[in-house]
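Have a look at the structure below before the remarks.
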Amino acid sequence: MSQAVLENETAPSARMDLLRFATAGSVDDGKSTLIGRLLYDTKTIFADQLEAVEAASASRGDEYTNLALLTDGLRAEREQGITIDVAYRYFATPKRKFIIADTPGHIQYTRNMVTGASTADLALILVDARKGLVEQSRRHAFLTSLLRVPHLVLCINKMDLVDWDKAVYDKIADEFTSFAAKLEITDLTIIPVSALNGDNIASRSENSPWYDGPSLLHHLEHVHIASDRNLVDVRFPVQYVIRPQSTTVTDYRGYAGQVASGVLKPGDEVMVLPSGMTSTIAAIDTADGPVDEAFPPMSVTVRLNDEIDISRGDMICRPHNAPAVAQDIEAMVCWMDETAPLRVGAKYAIKHTTRSARTVVRGLQYRLDVNTLHRDEQADGLQLNEIGRVRLRTTVPLLADEYRRNRTTGGFILVDESTNRTVGAGMIIEAQ
Amino acid sequence: MSQTKPYRVSHLDALEAESIFVMREVMAEFERPVLLFSGGKDSIVMLRLAEKAFAPARIPFPVMHVDTGHNFAEVLEYRDQRVAGLGLNLVVASVQEAIDSGHVRELPDGTRNRIQTPVLLAAVEKYRFDALFGGARRDEEKARAKERMFSFRDEFGQWDPKNQRPELWALYNGRHHPGESIRVFPLSNWTELDVWHYIAKERIPLPSIYYAHDREVVERDGMFYAVNEFIRLRDGETSEVRRVRYRTVGDASQTAAVLSEADTVDKVIDEVAATRITERGATRGDDKVSEAAMEDRKREGYF
C-alpha cells in the first residue's frame, strides 16, 4: 500500500475544531477500505494495529491487507465477517478532529444509521461505480435527510474498475442529484474515488483530470459547519441544580446545562418553561470563571436575578421565542426493538432533552417504505427498522420544537418500561 | 442575530462540554454514582472534569480505587494527595484483601488484572453503586470502539456487546432495575493526544512516572518493565538503567514503560503525536493474550 503524503505535516494542535460524520454503505462498497484509507493517510493507524491486521488478513487468505479488520472489533464480527454495531473512530489533521460513526450496511442498517446520523454534521455515502445507485444508497440518502444531517457526501468508489470513465461518474451523479432534490438535502458533494488506491482521498488524483472538486479529506477539513448551529432560538434545558452545601459558598443557586441553541448573555430577559415565569440572567458561570456569553455546545451554569422554582427538565428560553409546551406530539418514529413492535395504545417512557415522562401511542398515520417513500396508511404497527408517522400523548408537557428547526429540542427516545431498552427514536413534526 | 462573531469552540472545549454534560446527567438520574480513580492519567482528567461539572460545589460522589496491590508508589501517593485535596471520600476495593479472605484466588502467573473484576463487582454490590464512571476511551482498543457512553451491565456486571442500547443525540438511557448498573465513559470521544492536550491546557499535575526518568528496567518481548518487587529478573535476563516514562499506568506487574526523553508535558505531546504504536500495544502485557482479550474481560465485568 502506498503512503500518500499530506499537504501539511504539522501535528494536530489543541485548537482544531470538531467534525462528526457518519459513514454508510456495505462492505462491498469498500466502506471499511475507505475508512482504513483515511486513517492510514492521516497516520492514525499505528504500526502494531497494522501488523495485527496484516497477520489476520494473511491467516484468512485475503489477497490484500483487509482494512475492514481494523474496524470490526468484536469476536462475532470477525468470525462472521460482518459489522454488527456502530463503531466510533477518531482521526485528526492540523485543521480538524474527526469523529467517525461507522455504521454497518448489512444488519439492522436503519437502526444503526439513524443512531450514527443523529449526532453527525455530515454523512458520507458510498456507491460502487460498477453498480451505480442501489436501493441501499437511496435509503441512506433518505435517512440522512430524515435525521437532518446538514451535509452529504456521495463517494463514487472503485472508479479504477471503470477506467475512470467520466460518463459513469456523470450518470450516477445526475441520478443521485435528482433523487436528493426530493429529500431537502441542502448540501451535496459528489467525489469520484478509489479507496483501495487512495485516489481523491487525501489528495487530488491524476486519474481524474476531468474532476475539479476537492479530495475527500480536503472537503472534510473545509466544509463550513459553523452556520449549522442554531444561534437564533435560545434553548437551555436545565440539567441539574447546583446548590453547594458549604460554609464558604452561601446562597448559590445555579442552573447547570448545555446550551442547545441560541446565545445567552448576562442581562438577557428570559422565560422559564413550563411555568412561564420571567427573570433576567445574573451571570453565566463556568469552573474557569464567568463568561460574557454562552452558545452551543457549551456546558455552563446560569444564575438568575429572581428566585423562581426551577428544576431539572425545565427550559430557559426568551419570552418572545419559546418552544411549544405540548402534550400532543406528531413525530416520525424509527423503531429499534426486535422483541416487540410499536403498537397503537402502547405506553412507553419518553426522554426529551433533560425531561422524562410517559407517553401513549394515540395513532399511527402511516408507515413509510424507506426504499420507495411509499406511505402505507393501513399499517397497524412498526417493526424493527421501520419508520412511521406517529401521534403521541404525554403525561406532562414537553418543551419542544420541530426537529427540522432544532435537532436537540426536536428529538426524543422511547424506552420500554419493563425491559428498559431504548426502543424508538423520534423526530418531532408538530407539537401542541 | 450577530453574524460577525464566529462563536467558535475548539475541539477540546467541545469534548469538555460533552463530558461535563454526561457527568451532570448521571448525577441527576442516579442514586449512588462513584468515579473509578486509579491515579492513571485518564482517571485524573475525569476527576478534573467532575470538579468543573459541579463547581462551585464539591464533587458530589465518592471515588473508588480497585487496588491490585501491585502499585507504583508515586501513583498511590498522588491518589491520596488528590483525594485529600478535593475533600473526597475514597473507597478502596482491595484485591489483596480479597485473596487473603479467600474471596478470589491468585492466578498461577501472579497477574491480577483478571481477578480485579470480582473484587470490583463485590464492592459495587456492597456499596450499592448504580453508576460507575470509568476513564476508558474508544480509541484505546477495538472492543472499546463499540462501547456506549452509558453502558448497561446486568446484575452480574456483564457486558453484552450484541445487545447494547442504541444511543441517539445526547439522550442517554440510564434506566435500570435494582442490582443492575450503568458504566459511564465520559472520555469516550477523547484520544490519547486529546488527553495530553487537556492536561497541558488545564495544567493538571500528574504522577512523576508519566515523565521521562532513569529507571532500572528489563526488556521482555520488546517492552521495558521496571525491575522491582513485582517484576524480578528471570534466568538469563539482565537489567539496565534506561530513560523511560509510562504511557499508561495499570497493574505494576503488567505495565511496561517506553523509552523516552519527554520530561515535560509539551515534550510528551510531541512524542505522542509522532508515535507509531498504540498506548496499550506499547505497554500492556495483558492485552497481548488474544485478539479478543479486552472483549472477554469486559464481558466478565471488567472496565
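Data for the structure
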{"item": "Qualifying lysines (Cα of each under 19 Å from Cα of A:K166; at least 8 residues distant if same chain)", "result": "A:K131, A:K158"}
{"item": "Segment B:207-287: C-alpha gyration tensor shape, a/c 1.5 cut-off, then a/b vs b/c", "result": "prolate"}
{"item": "Peptides ranked, highest mean first, by Cβ atoms within 10 Å: ranges A:111-123, A:256-268", "result": "A:111-123, A:256-268"}
{"item": "Backbone HN-Hα couplings from phi across segment A:260-275 [Karplus 6.51/-1.76/1.60, Hz, Gly and Pro as x]", "result": "7, 6, x, 10, 9, 9, x, x, 5, 7, 10, 10, 10, 10, x, 5"}
{"item": "Estimated translational D of chain B in µm²/s (Stokes, Kirkwood radius over Cα pairs; 10 °C; 1.306 mPa s)", "result": "79"}
{"item": "Cβ-derived FRET efficiency at R0 56 Å, B:E180 paired with A:V134, nearest 0.05", "result": "0.85"}
{"item": "Karplus-derived HN-Hα couplings along segment A:189-205 (A = 6.51, B = -1.76, C = 1.60, θ = phi - 60°), whole Hz, x at Gly and Pro", "result": "10, 10, 10, x, 9, 10, 5, 5, 9, x, 6, 6, 8, 8, 8, 5, 9"}
{"item": "Too-long pairs where the Cα-Cα distance tops 27 Å, listed order kept, from A:K351/B:K126; A:K347/B:K52; A:K31/A:K347; A:K265/B:K52", "result": "A:K351/B:K126; A:K347/B:K52; A:K31/A:K347"}
{"item": "Convex hull per residue volume in Å³, alpha carbons only, for segment A:17-228", "result": "116"}
{"item": "Tensor-based shape of chain A (alpha-carbon gyration tensor, a/c under 1.5 rounded, otherwise prolate or oblate)", "result": "prolate"}
{"item": "³J(HN,Hα) computed for each position of segment A:415-432 - Karplus, 6.51 cos²θ - 1.76 cosθ + 1.60, integer Hz, glycine/proline x", "result": "10, 6, 6, 8, 8, 6, 7, 6, 10, x, 10, x, 10, 6, 9, 8, 10, 8"}
{"item": "Segment B:118-175-segment B:44-58 distance, computed between alpha-carbon centres (Å)", "result": "21"}
{"item": "Computed lengthening from A:V396 to A:E338, 0.36 nm per intervening residue step minus Cα-Cα distance", "result": "18.1 nm"}
{"item": "Gaussian network model of chain B, Cα within-10 Å springs - most flexible of B:F224, B:F30, B:F133", "result": "B:F30"}
{"item": "Amide proton proximity set for A:Q327, modelled H, under 5 Å, gap of 5+", "result": "A:L398, A:Q432"}
{"item": "Whole-Å semi-axes of the ellipsoid equivalent to segment A:236-317 (Cα gyration tensor, √5λ, descending)", "result": "18, 15, 12"}
{"item": "Cross-link pairs beyond the 23 Å C-alpha cut-off, checked among A:K43/A:K95; A:K43/A:K97; B:K142/B:K267", "result": "B:K142/B:K267"}
{"item": "CD proxy at 222 nm, helix term only [per DSSP H run n ≥ 4: -39500 (n - 2.57); per residue of the protein assembly as shown; nearest 500]", "result": "-7500 deg cm²/dmol"}
{"item": "FRET efficiency estimate (nearest 0.05) - Cβ-Cβ, A:D380 to B:R234, R0 56 angstrom", "result": "0.20"}
{"item": "For A:R235, A:R148, order by how many other beta-carbon atoms lie within 10 Å, fewest first", "result": "A:R148, A:R235"}
{"item": "Column: log10 I(q)/I(0), Debye, Cα scatterers of the protein assembly as shown, q = 0.10 Å⁻¹", "result": "-1.05"}
{"item": "Amide hydrogen neighbours beyond the local backbone of A:Y366, cut-off 5 Å, H modeled", "result": "A:R389"}
{"item": "Kyte-Doolittle at least 0.0, axis length at least 18 Å by Cα - qualifying DSSP helices, chain A", "result": "A:166-181"}
{"item": "Amide H contacts of B:Y211 (H built 1.01 Å from N, under 5 Å, at least 5 apart or other chain)", "result": "B:Y246"}
{"item": "DSSP-assigned coil residues among GluC sites (Glu not before Pro) in segment B:24-93, each with at most 12 further Cβ atoms within 10 Å", "result": "B:E31"}
{"item": "Semi-axis lengths, Å, segment B:1-116, gyration tensor of Cα atoms, sqrt of 5 times eigenvalues", "result": "36, 15, 14"}
{"item": "Directionally averaged shadow of segment A:127-186, computed from the convex hull of its alpha-carbon atoms, nm²", "result": "3.8"}
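None of the figures in this text is laboratory data; all of them are computed from the coordinates on show. Keep in mind that what you see is a predicted model, and the values were worked out from it rather than measured. All Cβ positions, glycine included, derive from the backbone under ideal geometry; neighbour counts span all protein chains shown.
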